[in-house]
Amino acid sequence: MKILIAGCGKVGETLTNALSLEGYDLTLIDRSSSTLSALLGKYDVIGVEGNCASLEILEEAGVDEADLLIACTGSDEVNLLCCMTAHGRNKNLHTIARISNPEYVDQSYKMQDAFGLSLTFNPDLQAATEIERLLRYPGFLKRDLFAKGKMELVELKLDAQSILNDRALRDISAIARCRVLVCAVLRNGVAHIPDGQFVLHEGDRVFVTASPDNLSLLLKNLGISTKKTHNVMIAGGGKITYYLIELLKNRPMQISVVEQNLERCERLAADFPNVTVIRGDVSNHDALAREGLSDCDALVTLTGNDELNLILSLYGNSLNLPQIITKVSHMESSRIIENLPIGSIINPRKLCSNTVVRYVRAMEAKSGAAIAIHAIADGQVEASEFCVGQDTHHVGEPLRSFRLRPEIRIAAISHGSKTSIPNGDSCFYPGDHLVVVSTIGAEVRQLNDIFE
């Protein structure tokens, strides 16, 4: 499959990395020769320098033979014009556009045909949605939804007081007193797909599948605080903050935003009269203290500077705030960052990468492709949702009667309105949904790829 990626910023680079690992034929388009050169030195791709909305440049990049165009420049207008121009030239071309401006989100959806769009993605809205989920359950570092919300995959980090320390996985359900499955563990930067003999230790990041009904039970029985979030301070008043407030505005929650830019402050204050908007320097810890940071239930750091977000989150940790959420957009994930006490880490470009990769795989596979894909454990493991079809192997057979490939687990089975954690006697049937966890190297493109 031939794919054009227009715009080689951080989102474009993330998509280039993800899609090049999948073996697709990639051509990159960008105005900056230095940006292109840097990516050409890292990946086996073709580069075209120029304006991606120009028909001449698109033709040079091979738009006539391309299967997919992903427009992810920093300008929504350029992305829309790029897709419209490319689709006008090649009617069989699939197009995906990055749309970030709240004013364009609804418009781009309603005018998909006019713009020649197959799909749009919004990194800022996806990040805000992820943060809103985390604020519902402060005990979790990460939450991913499957089976239309009937199953969740959550991340916990074991501290020195955790009752799971030095316990084998076969004992977890008894300790948690609810049905859960540990489907992955990240230890010292290395991801494991564990079996029942695997023993947990302090510092492990544990990825657990459970039904929403069992999430509160899981937190309560593990001794993790389930206190509701009522007072949130947001550092930074950009687009993610705007979307986040929109998602939170109907909840019984006191929200304050600290932002230095006057224009942003005025817009937030005008659009959200019930939110406290403070014009101030978020790097001034004394100012944050005066605004009542120490009394907050949660701190969300959403400035455009990763280093500042890290420092603010570390400061929030020093105040023993119950929940901290840190946006990291430009710094590469590393063991240094993951081991810092900065709570949940949100990376908007990785969230949108999952959306695009799912679409590309569905294009290639046509049937049997993943409905949802979430990267977990620092990107070393994928959790994917598949729909069981008539041609799926081992339909109606107990799980114990066949073998899965190494480093693969079936984490959940959804049948109608019922979703369950599977055991050896569990079966699946056409129409059921399976949540499958696999290491990246397993290359699970279609459901039948999981079987030996």
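The values are calculated or read from the model by the stated rules, or taken from the named source; none is laboratory data. Just so we're clear, the structure is a prediction, and the values are computed from it rather than from any experiment. Using ideal geometry, Cβ is built from the backbone for each residue, glycine included, and neighbour counts are taken over all protein chains shown.
The table for this structure:
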{"item": "Index of the failed condition, Glu59 passing every other in (1) part of a loop (DSSP other than H, G, I, E, B); (2) touching a residue at least 24 places away in the same chain (Cβ under 8 Å)", "result": "(1)"}
{"item": "Residue in segment 41-53 that is in contact (Cβ under 8 Å) with a residue 24 or more places away in the chain and crowded, with 22+ Cβ neighbours inside 10 Å present", "result": "yes"}
{"item": "Which listed residue is on the phi > 0 side of the Ramachandran plot, out of contact with any Phe, Trp or Tyr (no Cβ under 9 Å at 6 or more places or on another chain) and modelled with pLDDT of 85 or more, from Gly203, Gly196", "result": "Gly203"}
{"item": "Elements of type helices (runs of 4 or more DSSP H) contained in segment 263-350, each with 3 or more residues being of a type in the set (A, V, I, L, M) and without any contact (Cβ under 8 Å) to a residue 40 or more places away in the chain", "result": "306-318"}
{"item": "Residue that is surrounded by the fewest Cβ atoms within 10 Å (Cβ to Cβ), among those in segment 210-241 that are at pLDDT below 90 and of a type in the set (Val, Ile, Thr)", "result": "Thr226"}
{"item": "Test: residue in segment 139-162 that is at pLDDT 90 or above, closer than 20 Å to Thr229 by Cα and part of a helix (DSSP H, G or I)", "result": "no"}
{"item": "Within segment 1-23, tally of residues that are β-branched (Val, Ile, Thr) and assigned to a strand (DSSP E or B)", "result": "2"}
{"item": "When residues of segment 101-138 are limited to those that are among the aliphatic types (A, V, I, L, M), touching a strand residue (DSSP E or B) at 6+ places or on another chain (Cβ under 8 Å) and buried (at least 18 other Cβ atoms within 10 Å of the Cβ), the one farthest from Glu152 (Cα to Cα)", "result": "Leu117"}
{"item": "Qualifying residue in segment 15-23 (condition: over 27 Å from Ile376 (Cβ atoms) and in contact (Cβ under 8 Å) with a residue 12 or more places away in the chain)", "result": "no"}
{"item": "Segment 19-38: number of residues that are surrounded by 21 or more Cβ atoms within 10 Å (Cβ to Cβ) and not β-branched (Val, Ile, Thr)", "result": "4"}
{"item": "Residue match in segment 193-203 (condition: buried (at least 18 other Cβ atoms within 10 Å of the Cβ) and either in contact with a Cys (Cβ under 6 Å, 6 or more places away or on another chain) or hydroxyl-bearing (Ser, Thr, Tyr) (or both))", "result": "no"}
{"item": "Residue that is within 24 Å of Cys296 (Cβ to Cβ), among the β-branched types (Val, Ile, Thr) and in contact (Cβ under 8 Å) with a residue 40 or more places away in the chain, where the choices are Ile255, Ile240, Ile193, Ile245", "result": "Ile240"}
{"item": "Matching residues, segment 204-228, being closer than 15 Å to Arg179 by Cβ and in contact with a strand residue (DSSP E or B) (Cβ under 7 Å, 6 or more places away or on another chain)", "result": "Val208, Thr209, Ala210, Ser211, Pro212, Leu215, Leu218"}
